[in-house]
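Note sheet for the following structure.
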Amino acid sequence: MIKIFKIKPWRPTHINGPIAGTPVYKPEIIGKIIKKAKRPLLIVGGYEYDVDIGNGKTYLDLLVELVKKKKIPVVATTEVAKTFVEKDIKPVAIMSVSNVIHRVCDENWKGFDGKGHYDWVIIAAMVYYLQSQMFSAMKHFSYKWSKGISLDRYFQPNASFCLANFKVEEWKKAINDIVKLIME
Amino acid sequence: MSDEESGMFSDIPVDVGLIYEGERVRGKQMQVELGGGKIKEKFELVLAREMNEIEDEKVTIVGPDLKDLEEGKTYPIGIIVEVAGRLVEKDLEAVLERRIHEFTNYIEGLMHLNQRYDIWMRLSKSSYKKGFDTLEYWGKVLIRLYKSEFSKVIEKIQVTIFTDPKEIKTWYEKAMEIYEARDSRARGMKDEDVDLFYGCTLCQSFAPTHVCTITPERISLCGAINWFDARAASKVDPKGPNFAIEKGECIDEIKGEFTGVNEITKKKSLGEIDRVHLYTILSPYNHTSCGCFEAIAFYIPEVAGIGIVDRNFKGETVNGLRFSTMANSTGGGKQVEGFVGIAIEYLRSPKLFSADGGWNKIVWLPSNIKERVENDIPEDIRDKIATEKNAPTIDELKAFLKSVDHPVVKDWVEEEEEEEEEEEAMMVPQGQQITYQQTMPVQMGTGVGIPLVGQLQLPLGALGGGAGAQWKITFKNAKIIADEMVIKRIKPAKKKKK
Amino acid sequence: MAKESATFKFDSLSTPNIKVKGLQINIRELPVEEWTEEPQGPHPMPELVDLRNWFHILLRRYPPFYAPVCDYCCLCTFGKCDLSREKHGACGLTLPTQQARFVTIACCIGASCHCGHSRHLLHHLIEKFGRNVPIDMGTEIELEAPVVRTVIGIKPRIIKDLEVALNQTETEIMHTLASTHTGQESAAIDYEAKALLVSVYDHVGMEVADLVQIVAYNFPKGDEDAPLVDLGLGVIDKDKPFLLLIGHNVAGAIEIVDYLKETGKYGTIELGGICCTALDSTRYDFGAKIIGPITYQLRIVRSGLPDVIMVDEQCIRTDIIEEAKAINARVIAWNEKACHGLPDSTHEDEDKLVEELVAGKRDAVLIFDTEKASRVAVKTVEKMFPIRKKQRNLPTDKEMIEIAKKCSGCFNCQRACPNNLYTTEAVIAAQSGDFTKLEGLYESCLACGRCEDACPNGIPVTGMIIQSWQKNVRNEKWKIRAGRGPVKDTEIRAVGAPLVLGEIPGIIALIGCGNLPNGNMEVARLAEEFLKRRYIVVATGCHAMDLGRYRTEDGLTLYEKYPGVFDAGGLCNIGSCVSNAHISGACIKVASIFARRNLRGNFEEIADYILNRIGAVGISWGAMSQKAASIATGFNAFGVPAIVGPHGSKYRRQYLGKTYNEDAWFIHDARTGEKFKIGPAPENLIMSCETIDEATVMAAKLCIRPADNFKGRAVKLTHWIDLHKKIYGTMPDDVWKFIRVEADIPLTFKSEIMKMLKEKGWKEKSIPDPTNLPRLIKKKK
């Protein structure tokens, strides 16, 4: 049984307005959305990507594994790019997250491959307030074609879906479960 | 790392790149030292060869290699880079040779200072440990960089590196002869000896209308590009910013006016400049000045002589103006009679304002510049040129010139009478005269057409406004008391829109 | 010289346009100095929409990207209005417009701050020294006020001349602010154009402020050898009375120094400061000390060291009196903009005030007269010192264990922390006497105190973090070069050739505040990276201090290791916040000195020149205030791109280029008039980066400019590619977009890039003479 905090945004002041996404208690919900996504885009940031998530793996290792196996297009926004490159994964872009979300919010953008928008934009390993800002832009300006998901452990009210302020240990299990579910 | 990523130096155990250029290897970090002050005989040399004389990309080490040299010790060093190709000529040797310094410094942990017979190198311990244990790598890097940078010129190249003291001694003597021969040829080279001058528009990225004319006896204003450099660069990249100028017909031998120079300058400055006098400061067509000239030559009408000030000179020059004041009017690709930007090296040229009398016309120099070029000043005039130390003002300059009987003094006699009338009309650069009066229906300020009572002269500049500004003022029995007067341009009614 | 006033009479006068009889004109004040060398340009003293054309050009290429912080508008009583997604407010306002409006308001606040500061200083200095103080910037600076010359269109000779500039700045701030009433401007892009305009005036305000203080107080005038001064928490001599100065307006601090010197007391009192008052006081008195940036307020105050605190304006903690009270120190306030609810004591008896302060009958006094305030401060600190019980406002180690036990592990402190620091974990560790985790937080902690208010059990978390570090304080002794002021004309000329020849790849300007995501070290390391690469690095304000609080491998601070000259590998501390105008000023000087572009009233052309040619990038890694918003937006208006840290995303707006939209990336070739496609250079105008590594790569990339000649381009690409490879492990995949001719290709990456060019079907182009303004296309003669 996963114990949760009283559900306010992780940073309690980050209530932007009346529209808020869903903090999920069951990680598999997020897993299923990503699994079913037609055109997902994973954005990996530069915050706490090296935390150990069990089995001697870091958060980043797990994400690399996921990308490698499921061929999810990945954008590396920071120095994490190097890890992907070293593991022979070519990110669809190495680009600042603001530049990526600016594209996502442009209705006329055709995606990194020219095939159109991404239905789910998934952000992982990014500092809370920056994610919050990026999801805020998406919430207002891309919601018709791209929705946001966070894989980090915090409630992000501007994302469509995210975890509900999980404690570290619980999150470690959750993130492993999510990735496992997607890769199945 | 894959081959593709590490690029052309994948087989070199250390990094190679421009970012290592400023790198210093200190005594404690050094594996071995080559050349430098402790070693008398050392050299580097580039030689032009015939195609069949060279085995392409061969590196030969003569003497012990890095692994045989004792850690922390100093050894002699010499290097010969031999090149061949259809466009390779003797003249290119010096230009290519100068790049050894730069290319060597690209190598991580390999420091190279100075040039020719003066080289000083150090290899860092950490680079040695990474596997940089043979001088062959040095040769390989040089070969690849030369071939890459001069791909249109160098077809074959081989490198020989010497550490054997005996061999070095023999080659050192030969090298010294070659340097001397080259220098004397370059020193003796006259503008009259060549058919081609060179132009430079590198500065146009910042100063879009400036064109530099570079001749054997007139280096670029920044002092960075001489005739040989420009020539090499134009050969390597004919479409680049250094280009050949056919001298064409000589219109004025004394002032240095050539049809070819005029044509090219007109073309490259988009018609801004159509005549250039190379060897004079006293011409409305003197050479234009960019923004990075090392010094300014300025005419001093009070003494009928030329002063020179470099950009490091602080304070006022003899004419009461600072370098920056004069530079503001001299620069920007304009022709300003009596003011011209020059390189310090140009002071060593026989063509230094030759139309105006050359050194015999120079009356004032900052003392540190005078020291630098002392040996190039003709002996009979050397002590007659003032500096800020003995002539900080025009009056003191006059007195000084008189006391030493500077050649300009003999020109004074006739002029002295006129001078009184002119009072203190010190020559101020006039690069930016305002010329838009004709676009204004009313000219205020100089009294033209307006009977002004009182002392006011309305500032012309403040009433400007560029083309098309219209003014109409009607007063009837008016008494106006204003607390403040602000003049703003009235916008033209029709604005051109594109 | 300007004539002060004039009278002239006409009996009769007749021209085609003027008919006059018996006219007498008295003019009390004539326009400032005639400026005959340059004709007036098209936009002197630009009004609200005069530069709109240029700003729209910028905004077309760099469209705003909005990330709202709040989805409501709460400014009128119709509200709150929900503006989310496509909703309109009661006045019709949309969310993007509201964001732009908010940015405009922020820029107005920033510009007002500098202009107000400037106005105060000018007024004060005219009162003190008279209106005729000449603007003499020394022998190597002729172009004394590049921003004022360009924007206002005047060439000031005496400080009084600058009033015109401030008058105009005030007018434009007023008009801009007026446009934010309801959402009347309606189009976001026009609010952005106004934010840009008001921020141009911000640079005017800053330039005036710094110019007048430089000439009136005789601060260093572009001196690359300005002395090194003490910096850090550990530099205060505890055996002397300590007067702490906080704020941004140096007028009070200078009165103190003068008073100490007049009375022979100089050297008997420690003067140390926080923020720009500290920076500026060391430009006057090289013996004054700098404690640190804004984030050091609680650190120094709670240590109990200050006996008296003098505050002026801007970045001052609003709870400073409360905090001072807790350490039994007194506060003196003098600035009209920060009265702290205190009664006006300007006309009260000086000695009585001192007496009451010393006796503890008053905690703080407000004296609007800087001279009097300074005397009171000095007298109070002298009397307080021997009798004051040094009272720290920090728990002892022993107390910390007990306090920590009150922690219920609710995580409220961490959730309140701007940097999401693991405070809860650290407090819990302290329960068993392990303070190492607290200590580990110190360098990233902003000492803002939010965690303390968030704690339901009243645990002073910030205090505990500060306490855990106390043993290290004595080592916090650093050096910083006193602010040198503007870049000299002679330096601009000297760097010209190396900039052209590519020996200097760019100018990195570290400007800004203390809201750092991970402490100051990473800012200093970034500076060192670019110094090693022989870029020119300049710094101002908080970042100037951040660079001092760091030692290189050889144990030297950056200021000790790198020369203070504006040249390759030089590190210039330009000065305080208001000195930022010298950075835009340096760019303007290049246009004037190299191309002899007229500056006078010629903003548009100069900004176009800078955007296309000068590889300067501003980095404000800890951007926090509204002042930083207007400073950065002003740089953007001038054509200088800026990078802010991750917190900067909360400014709501970034100007980002869409590199996939090739049509946005063209210029006109001024030689031929031809429309010319260029690479995305610079790619963004203002952007938030997430990590310092990312910012490092981006800064190198943003130095690329359309006019680069091949040498400059090759060198800029080399550094960018090298950093990209080192940090991201791979060659950037858009390098090909920046290659115009083969000679652009960096030597050492030639084979790789040639291969890429082949794949992309690249064809050689030529290098244009770029402009974004069709009117600047040359007509062939």
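The values are calculated or read from the model by the stated rules, or taken from the named source; none is laboratory data. Being a predicted model, the structure only gives us computed values, none of them experimental. All Cβ positions, even for glycine, are placed from backbone atoms using ideal geometry, and neighbour counts span all protein chains on display.
A few comments on the model shown:
- Some residue of the stretch C:65-87 being buried (at least 21 other Cβ atoms within 10 Å of the Cβ), outside any loop (DSSP other than H, G, I, E, B) and under 24 Å from the mean Cα position of the chain (by Cα): yes
- Residue in the stretch C:153-165 that is assigned to a helix (DSSP H, G or I), more than 13 Å from C:Val212 (Cβ to Cβ) and away from chain B (no Cβ under 14 Å) present: no
- Odd one out for C:Arg534 among (1) within 14 Å of another protein chain (Cβ to nearest Cβ); (2) on the phi > 0 side of the Ramachandran plot; (3) touching a helix residue (DSSP H, G or I) at 6+ places or on another chain (Cβ under 6 Å): (3)
- Qualifying residues in the stretch C:645-692 (those that are assigned to a loop (DSSP other than H, G, I, E, B) and among the β-branched types (Val, Ile, Thr)) - the one farthest from C:Phe635 (Cα to Cα): C:Thr672
- Test: residue in the stretch C:535-549 that is surrounded by 24 or more Cβ atoms within 10 Å (Cβ to Cβ) and among the polar types (S, T, N, Q): yes
- Filter pass, C:Met731 being closer than 20 Å to A:Pro91 by Cα and either of a type outside the set (Lys, Arg) or more than 14 Å from chain A (Cβ to nearest Cβ) (or both): yes
To keep it simple, each residue is scored yes or no on (1) within 18 Å of the chain's Cα centre (by Cα); (2) surrounded by fewer than 21 Cβ atoms within 10 Å (Cβ to Cβ); (3) among the small types (Gly, Ala, Ser).
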| site | (1), (2), (3) |
| --- | --- |
| C:Ser112 | yes, no, yes |
| C:His120 | no, yes, no |
| C:Ile126 | no, yes, no |
| C:Thr139 | no, yes, no |
| C:Ala145 | yes, no, yes |
| C:Gly153 | no, no, yes |
| C:Pro156 | no, no, no |
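- Pair list, Cβ < 7 Å and 6+ apart or interchain, from the stretch C:525-543 residues that are more than 20 Å from C:Asp554 (Cα to Cα) and in the same structural domain as C:Met624 (by TED's automatic domain parsing) to residues that are modelled with pLDDT of 95 or more and polar (S, T, N, Q): C:Ala539/C:Asn573; C:Thr540/C:Ser576; C:Thr540/C:Ser579; C:Thr540/C:Asn580; C:Gly541/C:Ser576
- First in the stretch B:384-403 and in the same structural domain as B:Asn368 (by TED's automatic domain parsing), second anywhere and surrounded by 19 or more Cβ atoms within 10 Å (Cβ to Cβ) and among the acidic types (Asp, Glu), Cβ under 6 Å, 6 or more apart: B:Ile394/B:Glu302
- Residue match in the stretch C:576-591 (condition: more than 11 Å from every other protein chain (Cβ to nearest Cβ) and not in a helix (DSSP H, G or I)): yes
- Boolean, B:Val363 is outside any loop (DSSP other than H, G, I, E, B) and over 18 Å from the mean Cα position of the chain (by Cα): yes
- When C:Arg60, C:Arg52 are screened for being more than 19 Å from C:Thr180 (Cβ to Cβ) and modelled with pLDDT of 95 or more, only C:Arg60 passes.
- Some residue of the stretch B:222-230 being of a type in the set (Val, Ile, Thr) and more than 14 Å from every other protein chain (Cβ to nearest Cβ): no
- Qualifying residue in the stretch B:126-139 (condition: in a helix (DSSP H, G or I), outside the structural domain of B:Leu96 (by TED's automatic domain parsing) and either aromatic (Phe, Trp, Tyr) or within 20 Å of B:Ala48 (Cβ to Cβ) (or both)): no
- Those residues of the stretch C:751-776 which are within 11 Å of chain B (Cβ to nearest Cβ), over 19 Å from C:His56 (Cβ atoms) and among the hydrophobic types (A, V, I, L, M, F, W, C), in sequence order: C:Ile753, C:Met754, C:Met756, C:Ile767
- Any hit, the stretch C:247-268, residues being in a strand (DSSP E or B) and under 28 Å from C:Lys337 (Cβ atoms): no
- Residue that is modelled with the highest pLDDT [pool: residues in the stretch B:366-401 that are among the polar types (S, T, N, Q) and not in a loop (DSSP other than H, G, I, E, B)]: B:Ser367
- Restricting the stretch A:64-82 to residues that are assigned to a helix (DSSP H, G or I), touching a strand residue (DSSP E or B) at 6+ places or on another chain (Cβ under 9 Å) and touching a residue at least 24 places away in the same chain (Cβ under 8 Å), the residue that is nearest to the other protein chains (Cβ to nearest Cβ): A:Val80
- Lone qualifier among C:Glu192, C:Glu170 - being surrounded by fewer than 24 Cβ atoms within 10 Å (Cβ to Cβ), within 20 Å of the chain's Cα centre (by Cα), in a helix (DSSP H, G or I) and modelled with pLDDT of 95 or more: C:Glu170
- Cross-chain or 6+ apart pairs with Cβ under 6 Å, the stretch C:620-631 first and in the same structural domain as C:Ile511 (by TED's automatic domain parsing) and part of a helix (DSSP H, G or I), then crowded, with 24+ Cβ neighbours inside 10 Å and modelled with pLDDT under 95: C:Ala628/C:Gly512; C:Ala628/C:Cys513
- Yes/no for C:Arg283 being under 25 Å from C:Cys417 (Cβ atoms), at pLDDT 95 or above and among the basic types (Lys, Arg): no
- Selection count where residues are outside any strand (DSSP E or B) and more than 11 Å from every other protein chain (Cβ to nearest Cβ), scope the stretch B:260-314: 21
- Count - residues of the stretch C:740-750 that are more than 7 Å from chain B (Cβ to nearest Cβ) and without any contact (Cβ under 8 Å) to a residue 24 or more places away in the chain: 1
- Considering residues of the stretch B:315-342 that are surrounded by fewer than 24 Cβ atoms within 10 Å (Cβ to Cβ) and part of a strand (DSSP E or B) only, the residue farthest from the other protein chains (Cβ to nearest Cβ): B:Val336
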